[in-house]
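Comments concern the structure below.
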Amino acid sequence: MPARLAAPTSYWRLSRAPRYSLLFSLPLLAAYEGLAALLSHGHGADVRNGAEVLLDALFSLVAGPRGSMIVVGVVVLGCVALAGRDMRRSGARLQGRVFWLMLAESAVLAVVGGLLLGIATARLLHAVSPHLAIVAGPRPAEAAFGWPTRLMLALGAGLFEELVFRVLLVGGLAFGLRRVMGAGPMVAGGVASLVGAVVFAAAHYVGVYGDAFTLASFTFRALAGLFFSVLFVLRGFGIAAWTHALYDVMVLVVR
């Protein structure tokens, strides 16, 4: 029976399918790489998203200085190949309105999620000590750059951080716990999400452009890691990547 958007549940099913979720993420990559190319000779030319730098380093161990090009190629070809296989299996054409609905959903999740994370962080820190203060979110070190560079980093964070910390780390760890340790899906997913959230938060304090550590910012980012892990499991990679990117755009560019 063909899927139709008329049924309330159809959009939620379609938007999680690889043909929509993966293709939806490719404009983030195109915009990120396009901005990086435009900014390659200006201030902050050497600034790149940390998760992408990590992938570049891993691929460079095998492919040498062309590692960064291979990363982009692998991401594009992987998304297109998996989306194409899903399209052949479904036998259905892509519906443009689904992508617009996914963009709207991501924007709402970015705003609502950011507000809820700020409230949750404030209450958690207040429970630990009433004297701990927290604002709506951490002030990233990237805020020192001009807005074009901040926009580039925000878009790259959505794509590459979700790929590294959710797909590879959380997904890989959950798979390993199930296969090696014999853990059930709930236990494996829960443990993987907690570990991934801590690693995700800690990664923001590493490197030349890493932020200064504070308990407030670490707590906020750990909770954000859990939020994006749940989003990745429930809504797929595309929604998680765009929600992350749009939130970072609000934090790094707008405010």
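Values in this text are rule-based calculations from the coordinates and carry no lab data. This one's a predicted model, so the numbers in the text were calculated from it and none came from an experiment. Virtual Cβ from ideal backbone geometry, glycine too; neighbours counted across all protein chains shown.
Which order do His126, His244 fall in if you start with the one that has the fewest other Cβ atoms within 10 Å? Present the calculation step by step, with values, prior to reporting the outcome.
Details: His126 13, His244 30.
Exposure proxy ranking, most exposed first: His126, His244.
By count of other Cβ within 10 Å, fewest leading, how are Leu117, Leu103 ordered?
Least crowded to most crowded, the residues run Leu103, Leu117.
Any idea how far apart Val111 and Thr214 come out in nm if each label point goes 7 Å out from Cα toward Cβ?
Label-label distance for Val111 and Thr214, simple model: 2.6 nm.
Just want the ordering: Phe99, Phe213, from fewest to most Cβ atoms lying within 10 Å of their own Cβ.
Phe213, Phe99
Evaluate E = 1/(1 + (r/R0)^6) for Ala57 and Ala30, where r is the Cβ-Cβ distance and R0 equals 25 Å; express this FRET efficiency to the nearest 0.05.
Taking R0 as 25 Å, the efficiency between Ala57 and Ala30 is 0.65.
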